[in-house]
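Working notes, structure below.
The values are calculated or read from the model by the stated rules, or taken from the named source; none is laboratory data. Quick caveat: nothing in here was measured; it's all calculated off a predicted structure. Cβ placement follows ideal geometry from the backbone for every residue including glycine, while neighbour counts extend to all protein chains displayed.
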Amino acid sequence: MLIKRKRGWELRESEATPEAMFHDRRRILQAMGLGALTAAASPARVALAAAPADPSAGLYPARRNERYTLDRPVTDEKLATTYNNFYEYGSQKTIAEDAQELPIRPWTIAIDGMVEKPMTLGIDDLLKRATLEERLYRHRCVEAWSMAVPWSGFALKALVDMAQPLASAKYLRMETFENPKVAPGQKQFWYPWPYVEGLTMAEATNELAFLVTGMYGKPVPRQDGAPLRLALPWKYGFKSIKSIVKFSFTDKRPVSFWEKLQSSEYGFWANVNPDVPHPRWSQATERVLGVDGRRPTLLYNGYGDYVASLYQGLAGEHLFM
Ligand SMILES: Nc1nc2c(c(=O)[nH]1)N[C@H]1C(S)=C(S)[C@@H](COP(=O)(O)O)O[C@H]1N2
Ligand SMILES: [Mo]
């Protein structure tokens, strides 16, 4: 589709940055060294912004679960925490400082819909019930950049078990906070706030689906989706919804934020697949943040052993976008 005048959501990274300019900028930053890169990309202010301390800090670092291994180095922490997608704070990558405005206590989470045990609970109550662990996961954005992150948290399945869904529940729908006073991006009325994502029950209870509360051995920072976000390493990053306030069990397939905006480009399944290009760019390779050159993208982002069986017999579906 040829779009004459691009609107915000159409300016995803691969188009927003002309290739030539992108490569020049990268060359300069590389010549300056990685420290300079993070300094240039994100002023030192980011780390220093005076947001209240996170009361869960004592829970970290969590013990690493060695079952989940990487084929590449962990991304530099500064880079991973200053290069973000969080449209609640704008469509640019440098939202880390602005996101410090997000109040993360009190933070109430609702669990409702087709469940035996509807409930609302505070994030610290949820943390008390959980056993935290650390997992190293790849993280692949639909924009064709990637990183490798040590997340801390617990399996989404533990929350599903706590809620006790009815047999009629087919999907889990998740929702981000909505408060334009602390998230100026939500004043942009053309986006369908709040951010919503969804999974089938089989996906939500797959062992890889991980509720994130920490990152790099600390509480997850606001810009990365504090105090509770998802990590679904076999799907494009937009499925990994940030700053969740609600989990609803339902028999209707949820329509996500991105699907509402542009269903021709962002579908329900969104499994990483190098053979299915995005309508406007290839997904065959990825730009690994902090690393020179591109590397091939793997089917299911390399997690096929865990998840391929979930997608048997779904040939008619728009599976991978
Ligand atoms: N609420 C909310 N969740 C979100 C997004 C967002 O804009 N808002 N962006 C998504 C996208 S496109 C990606 S790639 C990841 C980015 O996570 P990171 O900034 O921690 O790397 O968050 C996802 N979750
Ligand atoms: Mo993304």
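A few notes on this one:
- The set of residues in the range 208-233 that are hydrophobic (A, V, I, L, M, F, W, C) and within 14 Å of ligand 2 (Cβ to nearest atom) comprises L230, A231, L232.
Table: residues versus (1) out of contact with any Lys or Arg (no Cβ under 8 Å at 6 or more places or on another chain); (2) within 16 Å of ligand 1 (Cβ to nearest atom).
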residue	(1), (2)
G90	yes, yes
L102	no, yes
P106	yes, no
P150	no, yes
V160	yes, no
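- Within the span defined as the range 259-268, every residue fails to be within 14 Å of the chain's Cα centre (by Cα), near ligand 1 (Cβ under 10 Å from one of its atoms) and over 18 Å from A110 (Cβ atoms).
- E178 being more than 16 Å from ligand 2 (Cβ to nearest atom) and in a helix (DSSP H, G or I): no
- The range 211-246, residues that are away from ligand 1 (no atom under 13 Å from the Cβ) and closer than 23 Å to N273 by Cβ: W234
- Restricting V115, V149 to those that are within 30 Å of P274 (Cβ to Cβ) and crowded, with 16+ Cβ neighbours inside 10 Å reduces the list to V149.
- Cross-chain or 6+ apart pairs with Cβ under 9 Å, the range 157-168 first and more than 13 Å from F247 (Cα to Cα), then modelled with pLDDT of 95 or more and aromatic (F, W, Y): L166/F249; S168/F249
- Checking each residue of the range 298-306 against the condition of being under 26 Å from I95 (Cβ atoms) and in a loop (DSSP other than H, G, I, E, B) gives no match.
- Selected residue (only one of E134, E101 is among the charged types (D, E, K, R), crowded, with 18+ Cβ neighbours inside 10 Å, at pLDDT 95 or above and under 21 Å from Q223 (Cα atoms)): E134
- Selection from the range 73-95 of residues that are of a type outside the set (S, T, N, Q), in a loop (DSSP other than H, G, I, E, B) and within 16 Å of ligand 2 (Cβ to nearest atom): Y83, F86, G90, K93, I95
- Checking L126, L172, L159, L199 one by one, the residue that is out of contact with any Gly (no Cβ under 9 Å at 6 or more places or on another chain), away from ligand 2 (no atom under 16 Å from the Cβ) and in a strand (DSSP E or B) is L199 and no other.
- Within the range 264-292, being at pLDDT below 95 and touching a strand residue (DSSP E or B) at 6+ places or on another chain (Cβ under 8 Å) holds for one residue alone: E265.
- With respect to the conditions (1) closer than 30 Å to E286 by Cα; (2) surrounded by 19 or more Cβ atoms within 10 Å (Cβ to Cβ); (3) within 16 Å of ligand 1 (Cβ to nearest atom), E77 lacks only one, and its number is (2).
- Test result for L70, part of a loop (DSSP other than H, G, I, E, B), surrounded by fewer than 19 Cβ atoms within 10 Å (Cβ to Cβ) and away from ligand 2 (no atom under 16 Å from the Cβ): yes
- The residue that is farthest from ligand 1 (Cβ to nearest atom), among those in the range 131-145 that are on the phi < 0 side of the Ramachandran plot and not charged (D, E, K, R), is T131.
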